[in-house]
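The values are calculated or read from the model by the stated rules, or taken from the named source; none is laboratory data. Just so we're clear, the structure is a prediction, and the values are computed from it rather than from any experiment. Positions of Cβ are generated from backbone atoms using ideal geometry, with glycine treated the same way; all protein chains shown enter the neighbour counts. With ligands, DNA and RNA removed, areas are computed over all heavy atoms of the protein, side chains included. Shrake-Rupley method; radii C 1.70, N 1.55, O 1.52, S 1.80 Å.
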Amino acid sequence: MPNLIEQALEAALVDRFYIGQILVRKTNGGGFVISHRDDQGRGDLKLFQSAEDAIDLTKFDDSGNYRPLKTAPNLQHGWRLQLAILDDLRRSLDYFYPGRLAIFVSWKSSQLQITPLRETLDRQSGMYRIAAKISDKQVNRVVGDFCRSDGGCLRTVLWKRDSRGTVASTRLPPEKFDPAFDQTLTPGSPPPATTPRLIPLLCQEPCNLLVAECRNVVKDETER
Amino acid sequence: MTIDRANSALLIVAHGSTVNPDSSAPTLAHAAEIWRRKVFAEVACAFWKEEPSLRDALCLFDPKPIREVYVVPNFISEGYFTQTVIPRELELNGRITKRSSGQIWKYCEPVGNHSMMTELLLKRACEVAQDVSPAQTTLLIVAHGTDLNENSAVAAKREAENIRALAKYGDVLNVYMEEPPLVSDWKKLTKTPNVVVVPFFISDGLHSYEDIPVLLGIASERPVSNCRAERGEIFRHNPHRINGRSLFYAPSIGTDEGYRASSQI
């Protein structure tokens, strides 16, 4: 949904905004500059100029390890992506955080369908069918570990554990479920004096990686 | 097929991987090429193991401007994913699904079923062994070949039969990693002085970088590097001289430039 996404980006782009670990700035010439939030003020950044350059920039972390989860807090440093038009910006952000802008727009327009973990697990088949056997206690632990923002995933969790509305994990802080909270910050710490607008990375349904993790827990249990 | 460009979107669906950085590359390249050609108003990808997920894809197309979404599985054949996982995750009811918004989702055949596959296999075989006589060469099409991938085994057999019927190569065989005829038996299965091996997979990964080379006897068992250049090294040492014969090893068919250029519904 490029048009709606571009409208949302324009609204956020009064000057600059954060999305995940990225800072997006508007240039005087009408273009855009994207960089890692940690790299503000660095003068030694490698310059890229194509939206498709983002594919490789997102693929590996600083140590060269593959990043299967793009919303993990391990985006590599040291680059600066300069783009001419809004469509390039939209496409590149879709490489950095695939699908997240569309999810954000759906959420803003109250169209987003949110699916509890149990529903996702119950519809699995093949090798993942066994994942549905995970206990509530195990879910609490796995989600608390796998989805945590410090080292796990920077998405804001919107889904519940089950259709009764049970919180996904009591091990996660309340801020993990708040779209207004910047997931790169430590909950409870004083917020920065000035901060750009934020486009949150919203999670409307447990991802396949979490389903796989639930499966591993059940398998470990049954093989023990 | 006529596509209303202004109101239609393409969704390319692929497996993706949590361990192989190259798994999604052919799918992303497909999408970028088709987007460049302006065939559809929108082009997007979705993955089983990467992002955006198949479930995320439900939100990717605004139903107001986009009235039709063409879903194309970037899979080598029909099988568990095309028949079970993709329809379930995308909430498809069959070939045509009408959403409550009125948006129509059209579920297409996997790209491996395209009639150009035979031509592309021939092109790839010709490119990898340019200076040899096809009449003195056996072409091996390598598929996975387990019960779970039964359909890919059938598709590889179909392609081998198509090429054999052209009577261009000395012989053409479909071989498998995990069931007979085994790729590891290539020395017994082939009689010609030259052998060309083309992996029948969508993307390069563990199978094409490591498993098949080990089964062929052109590589030893060691972990695949994270470096793209090193991963592709196995394809740059043709021909491999084994027992006085020449073996030419190609990258997976889905990575072929022509495969991408032939992208069409």
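Hey, what D do you get for the range B:128-212 in µm²/s if you plug the Kirkwood alpha-carbon radius into Stokes-Einstein at 20 °C and 1.002 mPa s?
Working: Rh = 13.1 Å.
The Stokes-Einstein estimate is 164 µm²/s.
To test your reading of the geometry: what angle, between 0 and 90 degrees and rounded to tens, separates the Cα axis of helix A:136-146 from the longest principal axis of chain A?
That helix lies at roughly 20 degrees to the long axis.
What is the range B:100-187's relative contact order, in percent, from Cα pairs under 8 angstrom and six or more apart in sequence?
Numbers: 85 pairs, mean separation 25.9, N = 88.
Worked out over the range B:100-187, it gives 29 percent.
What's the longest piece of chain B with no exposed GluC sites (Glu not before Pro), counting a site as exposed if DSSP puts it in a loop and it has at most 14 other beta carbons within 10 Å?
B:92-220
Other chains near B:54-66: what is the mean number of their Cβ atoms within 10 Å of each residue's Cβ? If you can, show how the numbers build up before the last one.
Numbers: counts 1, 10, 10, 2, 8, 13, 9, 3, 10, 2, 3, 4, 2.
Whole-number average of other-chain Cβ neighbours for B:54-66 is 6.
Per residue Cα convex hull volume for the range A:2-108, in cubic angstrom? If you can, show how the numbers build up before the last one.
Numbers: hull volume 10.5 nm³, N = 107.
Once divided by residue count, the hull of the range A:2-108 is 98 Å³.
If the reach is capped at under 23 angstrom between alpha carbons, list the lysines near B:LYS38, excluding any in the same chain fewer than eight residues apart.
Answer for B:LYS38, where 23 Å is the Cα cut-off: B:LYS64, B:LYS106, listed by chain and number.
So what is the 222 nm mean residue ellipticity for the protein assembly as shown from helices alone, if each DSSP H run of at least 4 adds -39500 (n - 2.57) and you divide by all residues, rounding to the nearest 500 deg cm²/dmol?
Values: 15 runs with 132 residues, N = 489.
Result for the protein assembly as shown: -7500 deg cm²/dmol, rounded to the nearest 500.
Which lysines, on any chain, are close to A:LYS46 with Cα under 22 Å apart, when same-chain ones fewer than 8 places away are left out?
Candidates past the 8-residue exclusion: A:LYS26, A:LYS59, A:LYS70.
On the full set of protein chains, 1.4 Å probe, figure out the accessible area of B:MET177 and give it in Å² to the nearest 10.
20 Å²
Identify, among B:GLN83, B:GLY112, B:ALA165, the residue whose Cα sits farthest towards the positive end of the charge dipole of chain B, taking +1 on the Cβ of Lys and Arg and -1 on the Cβ of Asp and Glu, with the dipole about the Cα centre.
Farthest towards the positive pole: B:ALA165.
Can you list residues whose amide H is under 5 Å from A:ARG16's amide H, if they're 5+ apart or on another chain and H is modeled 1.01 Å from N?
Amide H to amide H, under 5 Å and 5 or more residues apart or across chains, A:ARG16 pairs with A:ARG197.
Could you give me D for the range B:71-138, from Stokes-Einstein at 4 °C and 1.567 mPa s, where the hydrodynamic radius is the Kirkwood radius over C-alpha pairs? Units µm² s⁻¹, please.
Working: Rh = 14.6 Å.
For these conditions, the coefficient is 89 µm²/s.
If I ignore ligands, DNA and RNA and count only protein heavy atoms, how much of A:TYR95 is accessible to a 1.4 Å probe, in Å² to the nearest 10?
40 Å²
Tell me the total accessible area that B and A bury against each other, 1.4 angstrom probe, in square angstrom rounded to 100.
Details: alone 12760 and 11630 Å², together 21750 Å².
Adding both sides of the contact gives about 2600 Å².
Average the reciprocal distances over every distinct pair of alpha-carbons in the protein assembly as shown, invert the result, and give the Kirkwood radius in Å.
Values: mean 1/r = 0.0412 Å⁻¹.
Value: 24.2 Å, from the Cα pair sum.
For chain B, calculate the relative contact order in percent as a whole number, restricting contacts to Cα pairs under 8 Å that are 6 or more residues apart.
Numbers: 481 pairs, mean separation 48.1, N = 265.
For chain B, the relative contact order is 18 percent.
Over the residues of the range B:115-260, compute the C-alpha Rg and express it relative to 2.2 N^0.38 Å.
Working: Rg = 14.0 Å, N = 146, 2.2 N^0.38 = 14.6 Å.
Ratio of Cα Rg to 2.2 N^0.38 Å: 0.96.
So which aspartates and glutamates pass the test for A:LYS133, namely a Cα distance under 13 Å, with those fewer than 8 places away in the same chain ruled out?
A:GLU119, A:ASP122, A:GLU213, A:ASP220, A:GLU221
Determine ³J(HN,Hα), in whole Hz, for all residues of the range A:210-220 in sequence, where each value follows from phi through the Karplus function 6.51 cos²θ - 1.76 cosθ + 1.60 and θ = phi - 60°; x replaces Gly and Pro.
5, 4, 4, 5, 4, 4, 4, 5, 5, 4, 4
Let me know the Rg and Dmax you get for chain A when you use only its Cα atoms, in Å.
Gyration radius and largest Cα-Cα distance of chain A: 18.5, 62 Å.
Kindly express, to the nearest 10 degrees and within the range 0 to 90, the angle between helix A:86-96's C-alpha long axis and the longest C-alpha principal axis of chain A.
40 degrees
Computed over the Cα atoms of chain B, what is the ratio Rg over Rh, Rh following Kirkwood?
With Rg and the Kirkwood Rh in hand, the quotient comes to 1.00.
Relative contact order for the range A:2-108: what is it in percent, counting Cα pairs under 8 Å that are at least 6 residues apart?
Working: 153 pairs, mean separation 32.8, N = 107.
Here the relative contact order equals 31 percent.
Peptide A:203-211: average number of partner chain Cβ atoms within 10 Å per residue? Present the calculation step by step, with values, prior to reporting the outcome.
Numbers: counts 1, 4, 4, 2, 7, 11, 5, 0, 0.
Whole-number average of other-chain Cβ neighbours for A:203-211 is 4.
Quote the Stokes-Einstein diffusion coefficient, in whole µm² s⁻¹, for the range A:117-223, based on the Kirkwood radius over alpha carbon pairs, a temperature of 37 °C and a viscosity of 0.692 mPa s.
Working: Rh = 14.7 Å.
Taking Rh from Cα pairs, D becomes 224 µm²/s.
Let's see if you can work this out: charge +1 on each Lys and Arg Cβ, -1 on each Asp and Glu Cβ, no other charges. What is the dipole magnitude of chain B about its Cα centre, in debye to the nearest 20?
On the way: 29 positive and 32 negative charges, 116 e Å.
The calculation lands at about 560 debye.
Mind pulling the angle between the C-alpha long axis of helix A:2-12 and the longest principal axis of chain A? Nearest 10 degrees, somewhere in 0 to 90.
Compared with the principal axis, the helix lies near 70 degrees.
Can you give the accessible area of B:HIS144, probe radius 1.4 Å, in Å² rounded to 10?
In the full protein context, B:HIS144 sits at about 30 Å².
Using amide H atoms built in the peptide plane, which far-off residues or other-chain residues are under 5 Å from A:ILE22 H to H?
Answer set, sorted by chain and number: A:ARG37.
What residue among B:LEU120, B:LEU166, B:LEU189 has the largest mean-square fluctuation in a Gaussian network model of chain B, using Cα springs under 10 Å?
B:LEU166
Can you tell me the Rg and the Dmax, both Å, for the Cα atoms in the range B:5-112?
Answer for the range B:5-112, Rg first and Dmax second: 13.0, 38 Å.
Go through A:SER92, A:SER109, B:SER115, A:SER149 and list them by solvent-accessible area, largest first, probe radius 1.4 Å. List each step's numbers first, then the result.
Numbers: A:SER92 0, A:SER109 60, B:SER115 100, A:SER149 20 Å².
Reading off the accessible areas and sorting them downward yields B:SER115, A:SER109, A:SER149, A:SER92.
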